[in-house]
Each structure stands twice: as C-alpha cells, then as structure tokens.
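Quick notes on the structure that follows.
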Amino acid sequence: MNKELMEALNILEKEKEISKETIFEAIENSLMLACKNHFGKVDNVKVEINRETCDFCVYAEKTVVETADDVMDDMLEISLEDAKKIAKKAKVDDVVKVEIKSKEFGRIATQNAKNVILQKIREEERAVVYNQFHAKEKDIITGVVQRYIGRNISINLGKADAILNESEQVKGEHFRPTDRIKVYILEVKANSKGPRILVSRTHPDFVKRLFEAEVTEIKDGTVEIMSIAREPGSRTKMAVYSHNENVDPVGACVGLNGARVNAIVDELGGEKIDIINWDENPGNLIQNALSPAQIVAVFADPDEKTAKVVVPDYQLSLAIGKEGQNARLAAKLTGYKIDIKSETQAKDAYGFRYEDYMDDEEEYEEYEEYEEGEYEETYSEDEE
C-alpha cells in the first residue's frame, strides 16, 4: 500500500476540499501522458489505480503473433514466445496485458506527468473556492480590510479576496486595514487566477439581508420585505408585510426599544431607516411611503404607474423632503411616478377642495385654523 500517497490525498480532501477521485483521475491522466511522451502512442495503454491501497498498474494490451519476425509494432504486438512468459495459455491472436514500468519513463515525461497533477490540483482548488462563494452570491459575508488599491478596497474573505469598488462604497465611510466589515456579494466570476469577487455596501439588498439576519420573523418567513429603496449613507425606506395577522411587521423590524433597527443603523454608519406597512392598494401604499407627511388625497393610476398626491400646504416641504429625498424614495419604493401638490396648488390645478376629503369635524376645524394663520407648524427642520 502506498501510504504516503494516501496521506497526501487525505490532506488535500480535508484542507482543500478536493475529492480523492479527482486526484486519482489526474494521476491516471498524467501516467497516460507520460506513456504518450515515452512511446509516442497510448491507444492500447490502460492505467488502473486501486482506490483503497493507492497501488497502480500501467499496462499495454498487445495482440499475440506467431514469431518475433511477425511483430510489426512492438507497442501493439507481441510474439507468442514472449506472450507465454506472461500468460502460459496465450495463443495467437489473443490479447495479453503487458505491464509498463513507470521507472522507464524519461525525465521530461516524468516532469510533464507531475505538472499535469499539479495543474489539476490548482484547477480543483480554484473551482472549490469559486463554488463556495458563488453559493453565497446575493448574500452578506464578513471580511477583513487588507489594503487600498487606488480608491478600491481589497477585502480578505478567508479563502479568497474581494474587491469593494469605489462606486460600491458609501460616501463618508472610511476603513482601515484589519477592520472587519460586512459586505454584500454582488457577483462571483470565474478567473484563471481564482474567482473574482465583487462586493458592495451600497446595494439596497445589503440592508434587506441585514434585516433578514437580525429579525427572526423575517428569517422564518412570517414577515416579508416587499420593497426597498435606498440612498446609501443617507436614508432607506422599506415596506414590510406580515403573513400572520397577530404579528405587527413594523414592530417586529423595529424591535424592543428599537434594538433591532438600531443595530442595523449602527452597521450602516447612522443611515436613517423608515419602515412602513405594505398595502396592496396603491393609494394606501403611496400614503404610507410618504410618511411622516400627512396626506389629504392620493389619485393613483395603476396602468400608467403615476399618482397625484395632495397634502396640506404646511406639509408640502415635509412630503417632498430635503432636496426631494422623501418623494424620490417613495417613488422608488412604490414604483409610481409621484406628483405632490399642496392643497392650494391642487385647487388651482385640479379644482381640488380640501374639505371634500376631510374625515371629521375636528380635522375641518384644524384646517380652518391653518387657513386663518393660527396653525403652528409641527415638523422640525431636520425632518424637512
């Protein structure tokens, strides 16, 4: 039994996750190549390796002819006299197996055989790493910052390195070598030098995967993230739905005293997160998406994917958001092109009357106070 070979195969299988069968096939191919380099042909050469003992045998199948003078090609034929030395009952036209001693191979043939085995090991090692990370594509993984390559960052993921391109970095985030960071695997490409792994911290699904890892109800499918819109480093809006009427989807994501959402905010470097209830009714969904602004009316056109939204005059800035961010994220979240107008603007544009959409007398009185200039603005400059 070839103990050294068996030990080497066990180490490769354990540490590199390369199967023994793959190496056995590589050894067989390398011996065939050595034979071809040595004899010039291998049509009748066979290699057998015992998978249990690692013992191997290389032989040529030769046809028996009457005499040595009848042998036209000594790689294909053998005289009856020589054949009987191998098999006593051999007859003319029989096929006998003639062992080939691998020690007879020349130095070049041996070196080529060795290179075939090493090349196969390298290929399998790259394939194992590729398959490992390809299975994690579109998921989150933790890595260690190694160095900056220009403005891109090289991140060590264990068995491979990933590249965090400048376009996938959140503006304002700065990392130093040895920092541990979480990244979202965008794509894994096969490469002759190993897999090329592209990662991101700006992708909307990065936030989605963080919630899946943090919120048990999302992980088990009770709560589902229906839509997500993000402006990296600034704000994210996320619409959630509960498949269990006894579970509040927003409350589950926020957690006790905001523990769950705060953990994700910390990971995102303070990025604000708005969590809203998903609604099949586009009008209700758009109203939820524009929170914290109060909405008077929503006129949604599902076919055109457009919506006209009317808000109280004093809520217009809040609905639009700073530099239009609130409206922009709401549009991404819902998939609707949203046109927001104040009550006064809507009255001029559509003949809209605020009082037609009031739910009760108390709301109407509040509106009258606003019209008379007695209503006090309640939103802060930061919210605006």
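Values in this text are rule-based calculations from the coordinates and carry no lab data. Quick caveat: nothing in here was measured; it's all calculated off a predicted structure. Don't worry about glycine lacking a Cβ; one is built from the backbone with ideal geometry, like all the others, and counts go over all protein chains shown.
Taking region 51-207 on its own, what percent of its Cα-Cα pair distances exceed 22 Å?
Every Cα pair in region 51-207 considered, those over 22 Å come to 63 percent.
At 1.002 mPa s and 20 °C, plugging the Kirkwood radius over alpha-carbon pairs of region 136-202 into Stokes-Einstein gives what diffusion coefficient in µm²/s?
The diffusion coefficient I find is 181 µm²/s.
Please list log₁₀ I(q)/I(0) at q = 0.14, 0.20, 0.21 Å⁻¹ for region 1-135, using the Debye equation with identical point scatterers on the alpha-carbon positions.
-0.73, -1.13, -1.19
Could you tell me, in Å, what Rg and Dmax come out for the Cα atoms of the chain?
When restricted to the Cα atoms of the chain, Rg and Dmax are 36.1, 124 Å.
Give, rounded to the nearest 20 debye, the magnitude of the charge dipole that region 51-153 has about its Cα centre when Lys and Arg contribute +1 at Cβ and Asp and Glu contribute -1 at Cβ.
Here region 51-153 has a charge dipole of around 1040 debye.
Given a cut-off of 20 Å, name the pairs among K272/K322; K16/K120; K46/K114; K272/K332; K20/K41; K272/K337 whose C-alpha atoms lie farther apart than that in the structure shown.
Distance filter (> 20 Å) returns K20/K41; K272/K337.
At q = 0.12, 0.15, 0.16 Å⁻¹, what log₁₀ I(q)/I(0) does a Debye calculation on the Cα points of region 220-314 give, no solvent, two decimals?
-0.45, -0.69, -0.77
Take the alpha-carbon centre of region 247-276, take the same for region 80-95, and report the distance between them in whole Å.
83
Show me 296-308, 222-234 ranked by packing, highest mean number of other Cβ atoms within 10 Å first.
Taking the mean over residues of other Cβ atoms within 10 Å, the ranking is 222-234, 296-308.
May I ask you to order 109-116, 27-34 by the average number of other C-beta atoms within 10 Å around their residues, highest value first?
Result, highest mean first: 27-34, 109-116.
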